[in-house]
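Notes follow the structure.
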Amino acid sequence: MTNAPDDAAARRAVEPVVCYPVETLPAPDLPLYQDALVDAVPGMTQRVPPRDADTIVVPAGSFLQIKSVEGPQVGDLNLFSATDLSERFYSGKTRALHGTHITVGDRMWSNFPKLRPMATIVQDSLEWYGIDQFGGSVHDVIGTRCDPYTHHLLAAEHYHHCCHSNLSRALATYLGKHPRDVEHLVHDVLNVFMCTGFTRDTGQYFMKASPVRPGDSITLFAEIDLLAVLSACPGGDCSSEHSSDVAACFPLEMQVLTPLDGKLDKWRSPPINGYDGGHGA
Ligand SMILES: [Zn+2]
């Protein structure tokens, strides 16, 4: 136990400062994207089976739509540059820039040294949810992904259909390798449709039944050529538990939508980060 100082109340009352004001970030041209989405042509579709994952390539300048089908289901999404797998989604910096949960207008940023928008969220049928009375919201970038290592620490079991393993298997199939040889490329995810937050009293990560229903969707605009890998989490709607075969699980659908010619003439794929890489050496 520590004794609070005399000015404890005054110290606690200091107003917070937002770490990264985003006003100077290059703003996406949302009206341009949304106009291109209206009559974009549906193409390649991939149905992700429950407790499994699959891959889809999304060319720069097209859309990736992720849809709930059949029943409430959350998904764990990895994004790679399709031409350089060392460039991948950086959930921590995305969280620092846009907050714990992301929706329309927010961007999914890539890791160092490229740090640029990989994708921009242009449509989200769950945007209405906002932040509930528990501090919960949808599409988080705070969870990492369910994985067999943490599960083994907590339950001393070998469970093979956690999102980490599902993503590793799907990526391995895509690359023609063994999951063990590619799992280091799997990274912290965007928890699509998942409803999460931190408990106010203990600060613990919580989940609750996702508000997603069949027909709901989220659509990303691919700012660069993307390889998307999506796992239909063994937690189903994440109302009770994950890392097991207990929860009701449903498939998810991924679909590429291609804008009509001329719709995106004003758009340019973002360049890699402009920092010179000197690091003071
Ligand atoms: Zn999972």
- prompt: What's the local net charge at Ala172, with K and R +1, D and E -1, over the other residues with C-beta under 11 Å away?
  reply: +1
query: Where the centre of each part is set by its Cα atoms, how far does the range 39-82 sit from the range 206-281, in angstrom?
result: 7 Å
query: Kirkwood hydrodynamic radius for the range 89-204: how many Å is it when counted over pairs of different Cα atoms?
result: 15.8 Å
statement: Summing -39500 (n - 2.57) over every DSSP H run of at least 4 residues in the chain and dividing by its residue count gives a helix-only mean residue ellipticity at 222 nm, to the nearest 500 deg cm²/dmol, of -4500 deg cm²/dmol
query: Counting only residues 5 or more places away or on other chains, whose amide H sits under 5 Å from the amide H of Asn273 once H atoms are built in the peptide plane?
result: Leu115
Built amide H within the under 5 Å cut-off of Val48, gap 5+: Leu252, Glu253, Met254
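What net charge do the residues around Thr144 carry, taking every other residue with its C-beta under 11 Å from that of Thr144, with Lys and Arg at +1 and Asp and Glu at -1? Could the numbers behind the result be given before it?
On the way: positive: Arg145; negative: Asp76, Asp140, Asp147, Asp188.
With Lys, Arg at +1 and Asp, Glu at -1, the net is -3.
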query: Using r as the Cβ-Cβ distance of Ser125 and Val14, and R0 as 41 Å, what FRET efficiency do you calculate, to the nearest 0.05?
result: 0.60
query: Taking θ as phi - 60°, what are the ³J(HN,Hα) couplings along the range 228-239 by the Karplus curve (6.51, -1.76, 1.60), each to the nearest whole Hz, with x for Gly and Pro?
result: 9, 10, 10, 10, 8, 4, x, x, x, 8, 6, 8
message: Please rank Cys162, Cys19, fewest neighbouring Cβ atoms within 10 Å first, as an exposure proxy.
response: Cys19, Cys162
query: In a shell of Cβ-Cβ distance under 10 Å around Leu32, excluding Leu32 itself, what net charge do Lys and Arg (+1) and Asp and Glu (-1) give?
result: -1
- request: Per residue of the range 113-119, in order, report the coupling 6.51 cos²θ - 1.76 cosθ + 1.60 (Karplus, θ = phi - 60°) as ³J(HN,Hα) in whole Hz, putting x for Gly and Pro.
  value: x, 7, 4, 9, x, 8, 8
statement: In the range 247-281, the trypsin sites (Lys or Arg not before Pro) that sit in a DSSP loop and have at most 13 other Cβ atoms within 10 Å of their own Cβ are Lys266, Arg268
field: Extended-chain gain in nm, criterion 0.36 nm per residue less alpha-carbon gap, Phe206 and Asp132
entry: 25.4 nm
- prompt: Of Ala82, Ala27, Ala53, which has the largest mean-square fluctuation in a 10 Å C-alpha GNM of the chain?
  reply: Ala27
- line: Here the averaged projected area of the chain, based on the convex hull of its alpha-carbon atoms and given in nm², is 18.9 nm²
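By count of other Cβ within 10 Å, fewest leading, how are His101, His151 ordered?
Values: His101 24, His151 19.
Going from least to most buried by this count: His151, His101.
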- request: At most 15 other Cβ atoms within 10 Å and a DSSP loop assignment: could you name the chymotrypsin sites (Phe, Trp or Tyr not before Pro) in the range 118-180 that fit?
  value: Phe134
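Can you put Phe221, Phe112, Phe63, Phe198 in order of Cβ neighbours within 10 angstrom, beginning with the fewest?
Details: Phe221 30, Phe112 11, Phe63 24, Phe198 15.
The most exposed by this proxy come first: Phe112, Phe198, Phe63, Phe221.
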query: Given Val58, Tyr129, His152, which one lies farthest toward the positive end of the charge dipole of the chain, if we put +1 on the Cβ of every Lys and Arg and -1 on the Cβ of every Asp and Glu?
result: His152
- prompt: For the range 156-165, in order, what is each residue's ³J(HN,Hα) by Karplus, 6.51 cos²θ - 1.76 cosθ + 1.60 with θ = phi - 60°, in whole Hz (x at glycine and Pro)?
  reply: 6, 10, 10, 10, 9, 10, 5, 4, 4, 5
statement: A student applying the Cα gyration tensor rule (rounded when a/c is under 1.5; otherwise prolate if a/b is larger than b/c, oblate if not) would label the range 57-139 oblate
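Throughout, read-outs are computed from the coordinates displayed, never taken from laboratory work. This is a predicted model, so every value here is computed, not measured. With ideal geometry, Cβ positions are generated from the backbone for all residues, glycine too; neighbour counts draw on all protein chains shown.
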